[in-house]
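> Would you mind keeping the following structure in view while I ask a few things?
The values are calculated or read from the model by the stated rules, or taken from the named source; none is laboratory data. Computed from a predicted model, the values in this text were never measured in an experiment. Here Cβ is always computed from backbone atoms with ideal geometry, including for glycine, and neighbour counts include all displayed protein chains.
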Amino acid sequence: MDGTPLTAHSRAEIRLFCKATLCPLCAKGPLEPLAPDEQSSQAGAHTAGVRVRCKACGEPSEFSFRLPPDPPSELSGELEIINPTEDPSRIIDVSQWITLYAVLYEEAARTAAGPRKRLLELQAGQCLDEALKFFEDDQNDLPPASAFFDDSARLRLRDHPQEFSRQRLISFRASLPRPLG
Ligand SMILES: [Zn+2]
């Protein structure tokens, strides 16, 4: 990776980025964080370096992130705020949010009723909230091209547009809980 830091809204968003991003070397993954992220203060903005190792090819890589001066932390219990702003993510695209939602939703479905299941459902709902931030106006049921960060994601839109239907995502969201307070 080059030295330009990626812009993140929170450490939770960085963790999800690692979960959703393919290895830059072999294009597989998943990427596993090697060590707790290090942080340094730089001109009022925080930066975080995250070293990861690819589980497929074993190669390490490193990502550098810029965080807001006061990144959000826990919302309630273990649930973390991903992005308190209305702006869509700049590191995880709409396609990756929908994949993260599906992974968390399936994990919740396999989990017995209890606090763990509820946490997974809340996290799945957060991923849908982030995906929905990419939609521009009420006229279009599909996200704009700018909501996709690479060609493989744009191909997914072309081949499976129904996966990206705003109405479909809103109906999934309605079945999931929202955090209290
Ligand atoms: Zn790899």
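> Give the residue that is modelled with the lowest pLDDT, with candidates limited to residues of segment 48-63 that are in contact with an Asp or Glu (Cβ under 9 Å, 6 or more places away or on another chain) and either more than 16 Å from the ligand (Cβ to nearest atom) or among the hydrophobic types (A, V, I, L, M, F, W, C) (or both). Even if it seems obvious, please write down each step before you answer.
We begin by selecting, within segment 48-63, every residue in contact with an Asp or Glu (Cβ under 9 Å, 6 or more places away or on another chain); these are 48-55.
Cutting the leftovers down to either more than 16 Å from the ligand (Cβ to nearest atom) or among the hydrophobic types (A, V, I, L, M, F, W, C) (or both) gives us 48-50, 52, 54.
Values: 48: 82, 49: 85, 50: 87, 52: 90, 54: 94.
Residue satisfying both the conditions and the ranking: 48.
> Is there any pair with a first residue in segment 154-173 that is in contact (Cβ under 8 Å) with a residue 40 or more places away in the chain and under 12 Å from residue 95 (Cβ atoms) and a second that is aliphatic (A, V, I, L, M) and surrounded by fewer than 10 Cβ atoms within 10 Å (Cβ to Cβ) whose Cβ atoms are under 9 Å apart and which are 6 or more apart or on different chains, and what are they?
Here the result reads 157/145, each pair linking segment 154-173 to a residue that is aliphatic (A, V, I, L, M) and surrounded by fewer than 10 Cβ atoms within 10 Å (Cβ to Cβ).
> Based on what the data block shows, is residue 162 assigned by TED's automatic domain parsing to the domain that holds residue 103, assigned to a helix (DSSP H, G or I) and farther than 16 Å from residue 20 by Cβ?
So residue 162 passes the test.
> Name every residue in segment 51-85 that is part of a strand (DSSP E or B) and touching a residue at least 40 places away in the same chain (Cβ under 8 Å), in order of residue number. Working first, answer last.
Keep residues of segment 51-85 that are part of a strand (DSSP E or B), which gives 51-54, 60-67, 74-76, 79-80.
Selection gives 61, 62, 63, 64, 65, 66, 67, 75, 76, 79, 80.
> Of everything in segment 28-47, what is part of a loop (DSSP other than H, G, I, E, B), more than 10 Å from the ligand (Cβ to nearest atom) and modelled with pLDDT of 80 or more? Give them in sequence order. Write out each step before concluding.
Step one: list which residues in segment 28-47 are part of a loop (DSSP other than H, G, I, E, B), which gives 28-30, 34-37, 43-44.
Applying the additional criterion that residues be more than 10 Å from the ligand (Cβ to nearest atom) yields 34-37, 43-44.
Within segment 28-47, just 34 meets the criteria.
For (1) in contact (Cβ under 8 Å) with a residue 40 or more places away in the chain; (2) closer than 14 Å to residue 12 by Cα; (3) aliphatic (A, V, I, L, M), each residue gets a yes or a no:
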site: 87; (1), (2), (3): yes, no, no
site: 109; (1), (2), (3): no, no, yes
site: 113; (1), (2), (3): no, no, yes
site: 124; (1), (2), (3): yes, yes, yes
site: 130; (1), (2), (3): yes, yes, no
site: 133; (1), (2), (3): yes, no, no
